[in-house]
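Here's the structure, in structure tokens; my notes come after.
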Amino acid sequence: MNRVVITGMGVYSTIGENIEEVKNSLYKGKSGIVYDSEREKYGFRSKLTGALNRPVLKGILSRRERVGLPEQGEYAYMATMEALNNAKMSQDYLNDHIVGILYGNDSSSTAVIEAAELMKEKRNTMLLGSGSIFQSMNSTVSMNLSVILKLRGINFTLSGACASGSHAIGMGYLLIKQGLQDAIICGGAQEVNALSMGSFDALSAFSNRNENPDKASRPFDRDRDGLIPSGGGATVILESYESAKKRGAPIIAEVLGYGFSSNGEHISVPNVEGPVRSLEMALQQAGLKAKDIDYLNAHATSTPVGDANEAKAIYEVFGNKVPVSSTKSMTGHEMWMGGASEIIYSLIMAQNSFAAPNINFENPDEFSAKLNIVAETKEIKINTFLSNSFGFGGTNSSLIVHKL
């Protein structure tokens with residue numbers, strides 16, 4: 001079995017549009033949550049969202065390349081180019097070698113809604129344009145990036161709800177470990193717009209702290225009242241150790257374990273047993289004990305039941321020793337992107353010897369009180385970390401990464 005390493009990472013996030021900006025925000029505990037007046041016009045109960053600038057790709061990509069890219073595809077492109085640059089993987093290398101892409105994405109709502117509205121108004125499908133179909137499909141990110149980058153390896157999208165980005169990395173890890181690919185671009189992307197979030201708001205899943213955006217995301221806090229939708233793009237370059245050594249790549253980390261499970265119960269309410277199985281599988285696959293994990297980036301989204309059940313699962317497997325925080329307290333819930341971005345956030349912490357704070361953690365509940373929650377930035381040596389990602393349908397993913 002091959003060793004699987006990370007040679008590059010890139011991120012386009014609500015707390016920074018590159019690795020350096022994100023590092024500063026993580027260390028300072030800076031929130032990326034804002035009040036969005038557009039949601040008020042649509043009648044949302046919660047008017048909060050992660051704030052993100054759309055990248056300007058005119059002059060960088062051709063019109064043909066741009067026309068098929070949806071919003072989240074633009075974020076993924078920016079993150080991927082940073083990751084490739086950091087991995088020292090040029091376009092010439094991509095042209096001459098078999099490199100794949102596995103990306104997490106589970107919606108492309110804006111493109112679908114806008115197409116439906118145009119057809120309803122104009123009654124002429126010819127007005128949709130040639131890019132509409134490519135923006136509308138769930139596979140839009142992997143589809144577009146594989147063509148832009150001229151990739152010739154594995155190429156598909158993983159749709160696993162809010163664990164999509166994590167599962168994409170996990171599947172890339174398994175393919176490389178088994179020798180089926182040498183290098184895969186892996187990540188997750190999430191659109192940031194009101195149109196894609198109406199049904200979530202209808203479920204009363206979002207926080208109603210509209211007056212205090214930066215205080216609204218409160219993972220593990222007793223007074224949490226819901227998540228804040230967010231998004232962006234996050235990419236890691238996975239390679240076999242031999243491939244990375246052969247081309248003289250900067251090897252920054254190794255993926256040691258990938259645990260996964262399904263709850264098999266309620267479609268939207270998580271349980272404890274599923275996450276416990278995912279955590280234990282990741283540890284077993286990595287050949288590690290609970291005491292070997294230096295930091296745990298929790299899935300915790302700031303929902304009452306979800307955070308409580310994850311706290312129970314973490315305590316069952318790790319007790320109260322491992323430092324725990326949820327970066328969603330700053331970013332909001334990046335959904336399909338989160339499982340990939342939180343690997344990057346955790347790796348940034350490991351590289352810079354600190355644990356980012358779980359901001360707004362002021363009063364623990366009976367379950368989070370048993371954990372070692374990092375409420376303020378903590379100087380700490382992190383060699384090995386675990387990141388949890390859970391999603392609707394009861395899908396769970398846990399990744400273990402070791403800094404090199």
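The values are calculated or read from the model by the stated rules, or taken from the named source; none is laboratory data. Fair warning: this is a prediction, and the values are worked out from it, not measured in the lab. Cβ atoms come from the backbone with ideal geometry, glycine included; neighbour counts cover every protein chain shown.
Side notes on the structure shown:
- Check on PHE220, at positive phi and of a type in the set (A, V, I, L, M, F, W, C): yes
- Among the residues making up the stretch 263-288, those that are within 20 Å of the chain's Cα centre (by Cα), crowded, with 19+ Cβ neighbours inside 10 Å and farther than 19 Å from PHE367 by Cα are SER278, ALA282.
- The set of residues in the stretch 5-28 that are surrounded by 20 or more Cβ atoms within 10 Å (Cβ to Cβ) and over 16 Å from ALA83 (Cα atoms) comprises THR14, ILE15, SER25, LEU26.
Matching residues to (1) at pLDDT 95 or above; (2) in a strand (DSSP E or B); (3) of a type outside the set (Ser, Thr, Tyr); (4) over 20 Å from ASN358 (Cβ atoms):
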site	(1), (2), (3), (4)
ARG218	yes, no, yes, no
ASP225	yes, no, yes, no
PRO250	yes, no, yes, yes
LEU256	yes, yes, yes, yes
VAL305	yes, no, yes, no
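- Some residue of the stretch 194-205 being under 16 Å from GLY50 (Cα atoms), surrounded by 24 or more Cβ atoms within 10 Å (Cβ to Cβ) and not basic (Lys, Arg): yes
- Close pairs (8 angstrom Cβ cut-off, 6 or more residues apart or separate chains): in a strand (DSSP E or B) in the stretch 14-26, surrounded by fewer than 24 Cβ atoms within 10 Å (Cβ to Cβ) anywhere: GLY16/LYS23; GLY16/ASN24; GLY16/SER25
- Residue count, the stretch 283-304 (criterion: closer than 26 Å to MET330 by Cα and among the small types (Gly, Ala, Ser)): 3
- Considering the stretch 259-303, the residues that are part of a loop (DSSP other than H, G, I, E, B) and β-branched (Val, Ile, Thr) include one that is modelled with the lowest pLDDT, namely VAL269.
- Within the stretch 27-68, being in a strand (DSSP E or B), over 29 Å from ALA356 (Cβ atoms) and aliphatic (A, V, I, L, M) holds for one residue alone: LEU61.
- LEU61 fulfils the conditions (1) surrounded by fewer than 22 Cβ atoms within 10 Å (Cβ to Cβ); (2) under 22 Å from the mean Cα position of the chain (by Cα) except for a single criterion, (2).
- Of all residues making up the stretch 130-179, the number that are assigned to a helix (DSSP H, G or I) and either at pLDDT 95 or above or not assigned by TED's automatic domain parsing to the domain that holds VAL67 (or both): 23
- If you go through the stretch 69-83 and pick out every residue that is under 16 Å from ASN105 (Cβ atoms) and either outside any loop (DSSP other than H, G, I, E, B) or touching a His at 6+ places or on another chain (Cβ under 8 Å) (or both), you end up with 10.
- Residue check, SER278 among the hydroxyl-bearing types (Ser, Thr, Tyr) and closer than 16 Å to ALA298 by Cα: yes
- Of all the listed residues (VAL236, VAL255, VAL192), the sole one being touching a Gly at 6+ places or on another chain (Cβ under 9 Å) and farther than 30 Å from ILE33 by Cα is VAL255.
- Neighbours by Cβ (under 6 Å, 6+ apart or cross-chain): first from the stretch 383-404, on the phi > 0 side of the Ramachandran plot; second among the hydroxyl-bearing types (Ser, Thr, Tyr): GLY394/SER262
- Inter-residue pairs, beta-carbon under 9 Å, first closer than 13 Å to ASN320 by Cβ and in the stretch 288-299, second small (Gly, Ala, Ser) and not in a loop (DSSP other than H, G, I, E, B), 6+ apart: LEU296/SER325; LEU296/SER346; LEU296/SER387
- Taken over the stretch 355-403, the residue count meeting the criterion of being hydrophobic (A, V, I, L, M, F, W, C), assigned to a loop (DSSP other than H, G, I, E, B) and over 22 Å from the mean Cα position of the chain (by Cα) is 3.
- Residues of the stretch 116-138 satisfying the condition of being under 15 Å from VAL67 (Cα atoms) and in contact (Cβ under 8 Å) with a residue 12 or more places away in the chain: LEU128, GLY129, SER130, GLY131, SER132, PHE134, GLN135, SER136, MET137
- MET349 being touching a Leu at 6+ places or on another chain (Cβ under 8 Å) and more than 14 Å from CYS162 (Cβ to Cβ): yes
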